[in-house]
Structures are given as C-alpha cells and as structure tokens.
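Participant: Starting off with a structure, shown below.
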Amino acid sequence: MAYEIVIGLETHVELSTKSKLFCSCGGHSEANEPNDCVCPACCGMPGMLPVVNKQAIELAVKAGLMLNCKINQYTTFDKKSYYYPDLPAAYQTTQWFNPICVEGLVDVETSIGISKIGIKQIHVEEDAGKLVHTNDSSLVDYNRTSVPLIEIVTKPDFRSAEEVISYLKTLKSKLQFAGISECEEGAMRCDINISVRPEGSDILGVRTEIKNMSSLTSIEEAINKEAIRHIDALERRTEVLVQETRRWDDVKKRTFPMRNKETAADYRYFPDPNVMPVVIDDKWLQEIKDSMPKTIDEQVERYMALGLSQREAAAIVSEPILIELLDDMVSKDIDVKAAAGWILTDYLGILKKNNIQAKDIALDGEKLAWIIKTAQSGEITRNTGKTVLSAVILENADPKTYCEQNNLMVKTDLDLIKKVVVKAIEANPKAVEDYKAGKEKALLAIFGFAMRELRGAGSPDLIRQILLESLAE
Amino acid sequence: MKYISVMDKKGNIAVDDNILVKDVLSTAGSHILDGFTPLFSAEAVTRLENKGYKISGKANVGEFGLDLLGETSYYGALAEDGKIKNAAAQVVASGEVEAALCVDLGGSPRRAAAVENVTFLKPTYSTVSRYGVIACMCSAEQIGVMAKDAKKVAEVMSVIAGHDDKDGTSDPKEAYDYSLTEDIKGKKACIIKELLDAADDAVKVKVLAYKKKLEALGITVEEVSFGLIPAAQSAWQILLSAETCNNLSKFDGVKYGYRTSNFKNIDDIYVNTRTEGLGLLAKSVILYGSDVLSKGRYEVCYDKAMRVRRVVTESFKKIFENYDLVLSPATSTDSYAQYDLNDAFDKVFSESKYTVLASLSGTPALVTSGIQLLADAFNENILLSAANAVEEV
Ligand SMILES: [Zn+2]
C-alpha cells in the first residue's frame, strides 16, 4: 500500500531585538561569562515586574506580514508554569490564548512544484536559561533567560521531508531579509509532528512529536526514519504506535521516546496580570508595514514611478548600498534621475577603476549630495565633480575643502578670464588664424588652453563668450 | 515581634516586610525567604526616601500577607491577651512612627487598622507602583498607607502615588487628588445591608455611629442590597489562590532564600525546600490555586472566576452612579482572638466579605474609626475629605 506522510512544524526563532522581552538586559550573544547579562527581573527575583519590549512586538508582526498572516491587533501574554532550574521564575511568559499572528500561508518550492503551507499561528515567548553540568553539580546560566523568541506553528500541510527543508530555508531567508531574526546556525529549533496514513485517506494517523531539532540534515533524516518506523508499524505490525514525544539520536540515527515524566506536565496556563494586553492600533500597524523592507520588484517599481528607466532602477536595486545612497540623495531634495546618474556612472565607475567593493567604503551621503548640488548650480564643473568624488572615495577628502585647496571652484571673475583668454589667443596664433579662415573647430584648441590655465575650473560659458568677443574684435 | 529588621530608631515610616528595601533582609514573613536581601528598593520606598522620610524598619507580616493580621509569620506573630495583633498597626497606633506602608493583598492592613483604630487607605489599583512588592495577587494587591489620621495618609499618599515605568500596569497619571477639602455636604452614601448584617454587634454599633456623624455633616445615608458578595468571595478565593500559587513558585531553593539540606537531586530540592520553607496557609493557597488552574478545571474555575469578577465589578460600580460613598464594616469583629492556624484558610476567605469588593474591582477603600468607606476608582479625595471632616468634628 502507498502511504502519505503528514507533518506539522513548530519552529522557534530568536528575535533580533536590542534587549530581552521583559527587561532591559541586552547583548546576550556577546556575553563572555555565564550570568553576564542578567538583572533581578530575568533571574526571577521577587518584586520585579515585566515591561513588554515594543521592538519584539514589531518584529513578531513583521514575521506575520512576511508569512501572510492575519495580525491580531489585540494580543495578550500568559504564564506557563513548570519547575526547572533553567526557568528562574518557575513560569515562562508566552501567548497561549491570543497569539499575535494567525492564519498565514507560505509558498514552498520543491522538485515537484510549489506547495502551499498554512501557518496556524505565530506567538511571542521568552527563552529559558542554560544548565551546565559538572561532575558533581549543575550550574545555571541565565544569560538567555527571557530572550524573545517567536514560535511559528504550521498546519499539518507537509507531505515530505523535502517540503519541510524547503520551508525552513524559505523561512530563514524571509526572516533574515526583513531583519526579524539573524537565524544563526543552530538557532532555529524545530519540533516535528509526524504521522502517516494510507494515500487517499483523510483520517490522520497516530502522531508522534520529535522535539528540539536544529540541523537540516538531521531533520531530513529524522523525518524519513520516523516515517519508516510508522509505516513498518502499520504494515508489518512491528510495534504499536502511541502518541508520544520522542528525541532524535544523531549517532544511532533513530528516534527514541522521551521519559514520560518529561512530557506529562500540566502547564497551568493563565493570563499574566502584569502584562497589559498589547493593542496594535491601525496607525502602529501601518508604521510597521511601512518599515518593512521592499522586495526587489517593489523597489524597481518604486524607482520607475519616481522617473528612472527600467535599466537604471534595476541597476540601483541590485545593491542594497545603492538603494540606501539613492534614497538618501532623494531625501536631500536631489533629482532622482541626476542622482542615479552620479551613482551609476561616476560612483560605480570610480569604484570599478580602483577595484573597490561598494561595501568596503562608507560614502558619506552629505559629501555626495554637496558634490551633486554644487555641480548642478554650476559652481564646479561636472568633470571637477567627478575628480572631487574620486578624492572623497579614495582619500576620504572633504569635498568643499578639497575644491578650495585645489582652486577648483568655477571662476566667474571677468578680469581673470579676460586675462587668460588674451594669453590663450597669444599662445595659439595658428589656431587663431585657422579660426579666422573659417575653421570653427580651431576654437577648441584656444578654449582648451584657457580652461587648462584655469585648471578646469573656469566657467565654460564665460570663457566661450569672452573668447568669441575677443576674436571678433 | 514587631520588626524583622530595625533600620533607624528615629525613622518615621515603617515598611511591611513584603515590600523590598535595598540591602535589608526582606522575608515577607516566610521562612522560605530566609536571609534574602534584595538588590533594589520598592519604588514607593525610594520616593519616600527621596523626600527625606526615614524608614524605621521592616514590620513583621503574616506569611506573604495572606492572613488576617499577621498571625502566620514564621518569625513570630504578635499576640496579647489571647488577641492577635498586626505589627504595622501597633507601631502606628503607639506613635512610634508617623505612618506605615502596607500591602493590601487580602485586606490584612484594613482589618488591622480597624481593630487598632488607625487610618488606612488602599488606593485605586495601578496608582502606586507595585515595583518591589513581593507579589501574590498581581491583579489586585496595592501598597497603601496606614497612619493616625486622614491628613497624614494623604500626605504620604501624595509622595508614593503616580506613574512608574517599571510597572507595566501603572496608571499613566503623575499625580492624584488626595485633598481633604472636597465639599462633602449633600453627598450621598449607602450601607450595604448584607455586609452590615454579617458583622457582630460591636462592629454594627461603630458603623451606625459613623452613619450618624456623616448625617450630621449633611451626607444622606441609605441602605442598599448587594447580593453578589458570596459570588465575589468565591471568585476572590480562586483568583487569589491561582495567582499566588504561580507567584510563589519561584521560591524553589535554587536561587536565593532557604534551601533544604536534605536533597540528592533537583526534585528533592524543590519538594523539601518548599515543604520545609512554606507555612500551612501558603501551602493551602498554593494547592488550591494549583487545582483551579489545572487541565479541565481552568474553564470551570479560573475562567469562570474572571467572568464573575467582571460582573461583580460592573455591579459594584453601578452603586456609584447613585452614591458617592459606601459605608461598610471592615471586619466582622472589633478584635480577633487567637485561633487554630489549621483553620487559617477558611478563616481568611470567610473574612474576605468585607474587603473583597474594593480588592476585586480595584476601587479605593479607607478604614477610619473602625469602619470602612468605599468610593469609585480615583475618588480618594472624597474618602479622605469625609474621614477628615468626621475627625475634625
Ligand atoms: Zn534582565
């Protein structure tokens, strides 16, 4: 008989917040010593009260938006009680009754096409600490206690290990893209609910749960091994399946049941009276939506609407640094088309010529904006602008100081230009003769001489005008 | 004993031992917090110290403030002539201190003030930060002020009340009206018949005497019926026990306080520490609370109690559509005899009838002249002005 595997996942992910979920401790990932990053609140001292971290709420909402969830604009926190030394308050604050996001949907691509995986809910909760066992004692480290997590619970929509792995990869890239979680290696922890049933049946089989899996390879192996165990039990009566919680033995490559004691807990959930219900009003929700990073297609569309060509928009969008730079220029009232020209031609040109990666230098937006604005107003020439930009990129020069020191500001001093023009005419008798004989092109040589005299910083219009007047005399 | 720790013999404010003072032993009357010295002071204590008040010491309380007056303290309860006494009320009544900070959890300081004939205000929930209170029932308990008269209560209240970022349930206002000068002439008061009937004769006499005094000041006093008190008491017993059970779980011998010397593994540490470290009343409350939160019981007990709480609160607040004040007994008797502490659980919850309405609904309650005045939320000024007017006659 052919069998169908039915899998649902619960995935725990750490949120990239600055501080813990209910206190202001932060930086646990940089903590050097155990209990470096703790306060009376996150080590369960009496008298402390939780204050909800707004950023954790925002990141959880973003996760919901990334996974097409409905956001519960009224969401509450509950206490889950159990005794374990890594849980200092003897309860974990989580969301049991009103989770922050529900009813989502995510597309997962596999070798046989796209599958739609339903998201049952996303809830916010605090992490527990860590036990360190020595020969004769156990020590507790509360650095991780109360670090904010989200748990993403899917519907039993997976039909293969391949779908699960693809989902986890998709999840990781979405969470990283939106800055929700760094999804560090091993930091995504999954509980896998698995059952099998004859193909075509719509009755779910006996379900087992494999707890606390993090490596993708192990997840794939565990699913396949557990499915075979279930099918063997049904086909060949090797054992009687019971609903239970199991662990994966990565050495023996098999699952084994957890001690009953570990799973029989009654968590006595109830609403936490110290955490007021969180109300995400329409305005706040819109602010969170607005702060979501745009997808590449959305970015291209946005720049085309502002006036860039498809080619320009695509080139800008190809690098986050360029997006940032262009948005910065636009916010400084610089015309988007002009700014894109400077960024794509001059800035990227200079980088390419000097073999520099954009991410390796920090170009100060103020400096680029000064160069563009000054060139647009005619106070420096376009060419000078490029020279200055090069100096800014390569020597971290201050553009204004650089122009002044190198005498690059456009000269509009009539007397000076007249003097230079006279000098240019005297120095180029042949060109003057040719011009007067009707060779208009000869003018360029005289003009070029004058411009060189002014180190490229003469007003081209003024030089031309005075040169023509002088030659006409 | 009156003080768990004496801090300053010339101090003018006593602080109940379930309110934290930095670096000073804070036991909440329980053996399980043996040797516990907190790293920070309660917000209310800090505010008083910043204004120059001096803390005299940590007044003895019954274990976690759960009992009638303080009789269950591990460190020895006060008793005279077969009567049980409350430490904070004793030092206020004797004039040793000007005032005391007490946590009104199950009404203990209100009862204490009534039998010692001092004044105590349990303010509106969320107006005084609970930061630094050794918590039992976070959704109801409040720090209040005990003093000789309404004037002193108002003075201390205006120092400790006001928003605190460290308490997520704290009301946003920075200050409240504790004035004593509200014109009370023409105000309307009522007596809840069921509460008056339940009290003994000595208490009835006090309530009716106070009624006369209010009438003499131009306040009309009528009688009303409020049938929800038994329901309120049941809900109270469930909610208080459940929250307390959860809040006392952290006292497990792992991190601080008492740890059993009799253990081979972590389960022994939990079981033996708590068996040896907690008193009978706390254990009863924990067991009861554990039951009402358990699988299959939550819906019929805890969830139902929350719904009853809402109904009681709404009905009680309706009274204030017609009346400014409720005049009520604060206790069933004007003194409490020593009793068999095996009966503490039943005793405490049967005595809750007088204190439960203000506790469940988060409204203010003022004990004065051995009786209790109730008002709608944030109307402390009416309570204080009425009490002050009676005092000044
Ligand atoms: Zn902390």
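The values are calculated or read from the model by the stated rules, or taken from the named source; none is laboratory data. Since we're looking at a predicted model, the values are computed, not measured. When we count neighbours, we look across all protein chains shown, and the Cβ atoms used for this are built from the backbone with ideal geometry, even at glycine. Each accessible area value is taken on the protein alone, full model and side chains, heavy atoms only, with ligands, DNA and RNA left out. Shrake-Rupley method; radii C 1.70, N 1.55, O 1.52, S 1.80 Å.
Participant: What ³J(HN,Hα) values, in whole Hz, does the Karplus curve 6.51 cos²θ - 1.76 cosθ + 1.60 give for the range A:295-304 when θ = phi - 60°, with x put for Gly and Pro?
Facilitator: Values per residue, Gly and Pro as x: 6, 4, 4, 4, 5, 4, 4, 4, 6, 5 Hz.
Participant: With springs only between Cα atoms under 10 Å apart, run a GNM on chain B and tell me which of B:351, B:141, B:174 wobbles the most.
Facilitator: B:174
Participant: In square angstrom, what is the accessible area per residue of the range A:286-379 with a 1.4 angstrom probe? Let's see the in-between values first.
Facilitator: On the way: 5240 Å² over 94 residues.
In whole numbers, the range A:286-379 has 56 Å² accessible per residue.
Participant: Using a Förster distance of 60 angstrom, determine the FRET efficiency expected from the C-beta separation of residue A:39 and residue A:314, and round it to 0.05. Before the final figure, lay out each step's value.
Facilitator: Working: r = 49 Å, r/R0 = 0.81.
About 0.80, to the nearest 0.05.
Participant: Here is a further query. Restricting to bridges with both residues inside the range A:3-282, how much of the DSSP beta-bridge set is antiparallel, in percent to the nearest 5? Intermediate values should be presented prior to the final figure.
Facilitator: Numbers: 55 of 58 bridges.
Bridges in the range A:3-282 that DSSP calls antiparallel: roughly 95 percent.
Participant: Turning to a different aspect of this structure: Dipole size in debye (nearest 20) for the protein assembly as shown around its Cα centre, Lys and Arg Cβ +1, Asp and Glu Cβ -1?
Facilitator: On the way: 102 positive and 126 negative charges, 130 e Å.
In total the dipole reaches around 620 debye.
Participant: Something else about it: In whole Hz and in residue order, list the ³J(HN,Hα) couplings for the range A:366-381 that follow from phi through the Karplus curve 6.51 cos²θ - 1.76 cosθ + 1.60, θ = phi - 60°; x for Gly and Pro.
Facilitator: Using θ = phi - 60°, the values come out as 4, 5, 4, 4, 4, 4, 4, 5, 5, 5, 5, 7, x, 6, 10, 7 Hz.
Participant: Shifting gears a bit: Enumerate cysteines in chain A without a disulfide-compatible partner, where compatibility requires another Cys Cβ under 4.7 angstrom.
Facilitator: A:23, A:25, A:37, A:39, A:42, A:43, A:183, A:190, A:403
Participant: How many Å² of accessible surface get buried when A and B come together, counting both sides, probe radius 1.4 Å, rounded to the nearest 100? List each step's numbers first, then the result.
Facilitator: On the way: alone 25480 and 15330 Å², together 38010 Å².
In total, this chain pair buries about 2800 Å².
Participant: Alpha carbon centre of the range A:200-265 versus the range A:273-298: separation in Å?
Facilitator: 38
Participant: Which of B:164, B:201, B:324 moves most in a GNM of chain B, Cα contacts under 10 Å?
Facilitator: B:201
Participant: Here is a follow-up. Nothing charged except the Cβ atoms of Lys and Arg (+1) and of Asp and Glu (-1): what's the magnitude of the dipole of chain A about its Cα centre? Round to the nearest 20 debye.
Facilitator: Roughly 640 debye for chain A.
Participant: As I understand it, the dipole of the range A:3-282 uses +1 on the Cβ of Lys and Arg and -1 on the Cβ of Asp and Glu, about the Cα centre. Which of A:37, A:66, A:256 lies farthest toward its positive end?
Facilitator: A:256
Participant: How big, in percent, is the set of alpha carbon pairs in the range B:1-79 lying more than 18 Å apart?
Facilitator: Distances greater than 18 Å cover 35 percent of the Cα pairs.
Participant: Could I ask something else about it? Taking N as the number of residues in the range A:3-282, what value does Rg over Cα atoms divided by 2.2 N^0.38 Å take? Don't jump to the answer; show the numbers that get you there.
Facilitator: On the way: Rg = 19.4 Å, N = 280, 2.2 N^0.38 = 18.7 Å.
So the Cα radius of gyration is 1.04 times the expected 2.2 N^0.38 Å.
Participant: Keeping every protein chain present and rolling a 1.4 Å probe, give me the accessible area per residue for chain B in Å². Present the calculation step by step, with values, prior to reporting the outcome.
Facilitator: Values: 14000 Å² over 393 residues.
On a per-residue basis, 36 Å².
Participant: Which ³J(HN,Hα) values in Hz, rounded to whole numbers, follow from the phi angles of the range A:395-403 under the Karplus curve 6.51 cos²θ - 1.76 cosθ + 1.60, where θ = phi - 60° and Gly and Pro get x?
Facilitator: Coupling constants for the range A:395-403: 10, 6, 6, 8, x, 5, 4, 4, 5 Hz.
Participant: Report the semi-axes of the equivalent ellipsoid for the range A:48-156 in whole Å, largest first, where each axis is √(5λ) for an eigenvalue λ of the Cα gyration tensor.
Facilitator: They are 31, 19, 11 Å, listed from largest to smallest.
Participant: Less than 13 Å Cβ to Cβ from residue B:189, Lys/Arg counted +1 and Asp/Glu -1: what total charge do the surrounding residues give?
Facilitator: Numbers: positive: B:185, B:187, B:188, B:211, B:212, B:213; negative: B:215, B:222, B:223, B:324, B:376.
Charge balance in the 13 Å sphere: +1.
Participant: Would you work out which of B:94, B:64, A:329 lies farthest towards the positive end of the dipole of the protein assembly as shown, given +1 charges on the beta-carbon of Lys and Arg and -1 on that of Asp and Glu, about the Cα centre?
Facilitator: A:329
Participant: For the range B:229-295, give the magnitude of the charge dipole about the Cα centre (Cβ charges: +1 Lys/Arg, -1 Asp/Glu; no others), in debye to the nearest 20. Kindly include the intermediate steps, with their values, before the conclusion.
Facilitator: Working: 7 positive and 6 negative charges, 25 e Å.
Dipole size: approximately 120 debye.
Participant: Given bins 10 angstrom wide, list per bin the percent of all Cα-Cα distances in chain B, short to long.
Facilitator: In whole percents, the pair-distance histogram is 5, 25, 35, 25, 8, 2, 0.
Participant: Let me ask another. What is the mean projected area of the alpha carbon convex hull for the range A:132-282, to one decimal in square nanometres?
Facilitator: Working: hull surface 56.3 nm².
With the hull built on Cα positions only, its mean projection is 14.1 nm².
Participant: May I ask you to give the percent of accessible area on the range B:52-187 that is carbon plus sulfur, with a probe radius of 1.4 Å? Intermediate results must be reported in sequence, preceding the final value.
Facilitator: On the way: 1780 of 3860 Å².
Carbon plus sulfur share of accessible area: 46 percent.
Participant: Roughly how far apart, in whole Å, are the Cα centres of the range A:174-189 and the range B:251-282?
Facilitator: A separation of 40 Å, based on Cα centres.
Participant: A further question follows. Within 10 Å of each candidate Cβ there may be at most 14 other Cβ atoms; applying that plus a DSSP loop requirement, which chymotrypsin sites (Phe, Trp or Tyr not before Pro) in the range B:341-372 survive?
Facilitator: On the way: sites: B:345, B:349, B:354; in loops: none.
Sparse-neighbourhood loop chymotrypsin sites (Phe, Trp or Tyr not before Pro): none present.
Participant: Report the Cα-based extents of the range B:26-118 along its three principal axes, largest first, to the nearest Å.
Facilitator: Rounded to whole Å, the extents work out to 39, 31, 21 Å.
Participant: Going by a 1.4 Å probe on protein heavy atoms, which residues of the range A:70-93 end up with at least 50 Å² less accessible surface in the whole assembly than in their chain alone?
Facilitator: A:83, A:85
Participant: Within the protein assembly as shown, what percent of beta bridges assigned by DSSP are antiparallel, to the nearest 5? Please report the intermediate quantities before stating the final value.
Facilitator: Details: 84 of 103 bridges.
If we restrict to bridges inside the protein assembly as shown, about 80 percent are antiparallel.
Participant: Where both partners of a DSSP beta bridge lie in chain A, what percent of those bridges are antiparallel, to the nearest 5? Before the final figure, lay out the partial values.
Facilitator: On the way: 55 of 59 bridges.
So the antiparallel bridges in chain A amount to around 95 percent.
Participant: Could you list, in their original order, any pairs among A:130/B:250; A:172/A:359; B:188/B:318; B:317/B:353; B:193/B:353 whose Cα atoms are separated by more than 19 Å? Mind dumping the intermediate values first?
Facilitator: Details: A:130/B:250 17 Å; A:172/A:359 23 Å; B:188/B:318 14 Å; B:317/B:353 17 Å; B:193/B:353 12 Å.
Violating the 19 Å Cα-Cα cut-off are A:172/A:359.
Participant: Now, a different point. Can you pull a Stokes-Einstein diffusion coefficient for the protein assembly as shown at 4 °C (1.567 mPa s), Rh from Kirkwood over Cα pairs, as a whole number of µm²/s? Walk me through the numbers before you get to the answer.
Facilitator: Values: Rh = 32.8 Å.
Stokes-Einstein gives a translational diffusion coefficient of 40 µm²/s.
Participant: Counting just the Cα atoms, what span does the range A:294-405 cover along each of its three principal axes? Round to the nearest Å and put the largest first.
Facilitator: The Cα atoms of the range A:294-405 stretch 44, 30, 19 Å along their principal axes.
Participant: Calculated FRET efficiency, residue B:346 and residue B:34, Cβ-Cβ r, R0 25 Å, to nearest 0.05? Don't jump to the answer; show the numbers that get you there.
Facilitator: Values: r = 28 Å, r/R0 = 1.12.
Efficiency computed from Cβ-Cβ geometry: 0.35.
Participant: Still on this structure, please answer the following. Can you list, largest first and rounded to whole Å, the semi-axes you get for chain A by taking the square root of 5 times each eigenvalue of its Cα gyration tensor?
Facilitator: Numbers: eigenvalues 898, 141, 75 Å².
Ellipsoid half-lengths, sorted descending, are 67, 27, 19 Å.
Participant: Find which of B:296, B:348, B:284 sits farthest along the positive direction of the dipole of the protein assembly as shown, computed with +1 on the beta-carbon of Lys and Arg, -1 on that of Asp and Glu, about the Cα centre.
Facilitator: B:296
Participant: Tell me the trypsin sites (Lys or Arg not before Pro) within the range A:256-315 that lie in a loop according to DSSP and have at most 11 other beta-carbon atoms within 10 Å. Write down the numbers at each step before the final one.
Facilitator: Working: sites: A:259, A:261, A:268, A:283, A:289, A:294, A:302, A:311; in loops: A:259, A:268, A:294.
Those satisfying the criteria are A:259.
Participant: Sticking with the crude label model, points 7 Å out along Cα→Cβ, report the distance from residue A:396 to residue B:181 in nm, one decimal please.
Facilitator: Placing both labels 7 Å beyond Cα along the Cβ direction yields 6.5 nm.
Participant: Going by amide H atoms built from the backbone, whose H comes under 5 Å of the H on residue B:140, apart from near neighbours?
Facilitator: Excluding prolines and chain starts, which carry no amide H, there are no hits.
Participant: For the range A:414-472, with all protein chains present and a 1.4 Å probe, just round the carbon and sulfur fraction of the accessible area to a whole percent. Each step should come with its number before you reach the end.
Facilitator: Details: 2050 of 3660 Å².
Ligands and nucleic acids excluded, carbon and sulfur give 56 percent.
Participant: Gaussian network model of chain B, Cα springs within a sub-10 Å range: biggest mean-square fluctuation belongs to which of B:33, B:341, B:195?
Facilitator: In the Gaussian network model the winner is B:341.
Participant: Separate question: So, in Å, what gap is there between the alpha-carbon centers of the range B:68-126 and the range A:403-424?
Facilitator: The range B:68-126 and the range A:403-424 have Cα centres spaced 92 Å from each other.
Participant: Can you list which of the trypsin sites (Lys or Arg not before Pro) found in the range B:185-264 are DSSP loop residues with at most 12 other C-beta atoms within 10 Å? All intermediate terms of the calculation are to be shown ahead of the outcome.
Facilitator: Values: sites: B:185, B:187, B:188, B:193, B:204, B:206, B:211, B:212, B:213, B:250, B:255, B:259, B:264; in loops: B:185, B:187, B:255, B:259, B:264.
Answer in residue order: B:185, B:264.
Participant: Angle between the Cα long axis of helix B:150-160 and the longest principal axis of chain B, 0 to 90 degrees, nearest 10?
Facilitator: On a 0 to 90 degree scale, this one is about 50.
Participant: Semi-axes of the range A:406-473's equivalent ellipsoid from the Cα gyration tensor, sqrt of 5 times each eigenvalue, largest first, rounded to whole Å?
Facilitator: Working: eigenvalues 85, 25, 18 Å².
Rounded to whole Å, the semi-axes are 21, 11, 10.
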